[in-house]
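Below you'll find the structure, written out as structure tokens, and then a few comments.
The values are calculated or read from the model by the stated rules, or taken from the named source; none is laboratory data. In this text the structure is predicted, and so the values were computed from the model without any measurement. Here the Cβ positions follow ideal geometry from the backbone for every residue, glycine too, while neighbour counts run over all protein chains shown. The area values use the complete protein model at the heavy-atom level, side chains included, leaving out ligands, DNA and RNA. Shrake-Rupley method; radii C 1.70, N 1.55, O 1.52, S 1.80 Å.
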Amino acid sequence: MSRATIIDGKAIAETLRREVAAGVSDLKRAHGIVPGLAVVLVGGDPASQVYVRTKSKATTDAGMLSFEHKLPAETAEPALLALIAELNGRKDVHGILVQLPLPKHIDARHVIEAIDPAKDVDGFHPTNVGRLASGAHALAPCTPSGCVILAKSVRNDLAGLEAVIIGRSNVVGKPMAQLLLAENCTVTIAHSRTRDLASVVRRADLVVAAVGRPEMVRGSWIKPGAIVIDVGIQRIVSADGKSHLVGDVAFDEAAQVAGAITPVPGGVGPMTVACLLRNTLQAANAIARA
Ligand code: GUN
């Protein structure tokens, strides 16, 4: 028996995707521009292949153009940088996403910095990271943007909440902190070296778990009534030999205590894709207005 409201990320993402599709129609009508998203995948990582396929389908479903570039794992860094330069120059490409992680011989930093910040729909370019941190209008990273929408679906005003983010990655933890600061939360970023993580999390009115450790966050760590957003997604095999997807939060335990919680799957995942579409539309709109 769960007590918490289960936040339906799939339904909320569906609503956002419909709004984006309407925006795409408006842009076509007003300026004759069809937003285009280029997704670059280097190598054959199975999880990345699934993500790329999902992103491409969502892009075309929203009425945008999708350009998939699949390169072999042994692609040299200069060849990838040359592709980025070509995509930067293309009029029909408004968004560029290079799927991470990249093979070890390629420096992801060089690749991210090569993307035109105006087309950086991941929000990973230092220009966009800096704009977000300084409160300027920016293409914000998709997963943390989706987390904010999910939290606000149960509590419209997050101001004054104690927010604890578990994980300090550039993809989720750090931009999450900036977005929650912008929502006037009191923000703590906890990580692998945090002392007594359980008691830090117990302070939180809003928990964002993004560590990549299956079911690490226990129900006993959750403050009664807290909003719990679970970014983790891992496939595990349980004692009965069945494989299933779990997050960073022990869902059944946490749902007894939390006020609201995202499920895995069907929580944060669909929002990441919807926010990517929103960023692509935003980039195309900005180019149309320029
Ligand atoms: N790999 C895992 N998450 C992401 C993401 O948000 N963007 C990109 N480019 N790669 C990822």
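Considering each of L277, L245 in turn, give the residue that is within 20 Å of the chain's Cα centre (by Cα) and either part of a helix (DSSP H, G or I) or of a type in the set (S, T, N, Q) (or both). Explain how you work it out, then say what you get.
Details: L245 fails: either part of a helix (DSSP H, G or I) or of a type in the set (S, T, N, Q) (or both).
Being within 20 Å of the chain's Cα centre (by Cα) and either part of a helix (DSSP H, G or I) or of a type in the set (S, T, N, Q) (or both) holds for just one of L277, L245, which is L277.
Which one of the conditions (1) among the aliphatic types (A, V, I, L, M); (2) open to solvent by less than 30 Å² (accessible area, probe 1.4 Å); (3) in a helix (DSSP H, G or I) does V208 fail to meet, given that it meets all the rest?
Exception for V208: condition (3).
Can you tell me which residue in the stretch 1-56 is least open to solvent (accessible area, probe 1.4 Å), limited to those that are within 16 Å of the ligand (Cβ to nearest atom) and of a type in the set (K, R)?
Top of the filtered list is K55.
Return the residue satisfying two criteria in turn: it lies in the stretch 192-240 and is among the acidic types (D, E) and touching a helix residue (DSSP H, G or I) at 6+ places or on another chain (Cβ under 9 Å), and of such residues it is farthest from A260 (Cα to Cα).
Going through the qualifying residues, I end up with E215.
Among S220, S199, which is the only one that is out of contact with any strand residue (DSSP E or B) (no Cβ under 6 Å at 6 or more places or on another chain), within 21 Å of I6 (Cα to Cα), open to solvent by 10 Å² or more (accessible area, probe 1.4 Å) and among the small types (G, A, S)?
S220
Check every one of the helices (runs of 4 or more DSSP H) wholly within the stretch 1-97 and list those with 1 or more residues that are in contact (Cβ under 8 Å) with a residue 60 or more places away in the chain and more than 22 Å from E113 (Cβ to Cβ).
In the stretch 1-97, the matching helices (runs of 4 or more DSSP H) lie at 9-31, 46-61.
Limited to the stretch 114-150, what total is found for residues that are closer than 20 Å to A79 by Cα and within 14 Å of the ligand (Cβ to nearest atom)?
Selection size over the stretch 114-150: 5.
Please state which one of L245, L276 is on the phi < 0 side of the Ramachandran plot, within 16 Å of the ligand (Cβ to nearest atom) and open to solvent by 20 Å² or more (accessible area, probe 1.4 Å). Talk me through it step by step, then tell me what you get.
On the way: L276 fails: open to solvent by 20 Å² or more (accessible area, probe 1.4 Å).
After ruling out the rest, the residue left standing is L245.
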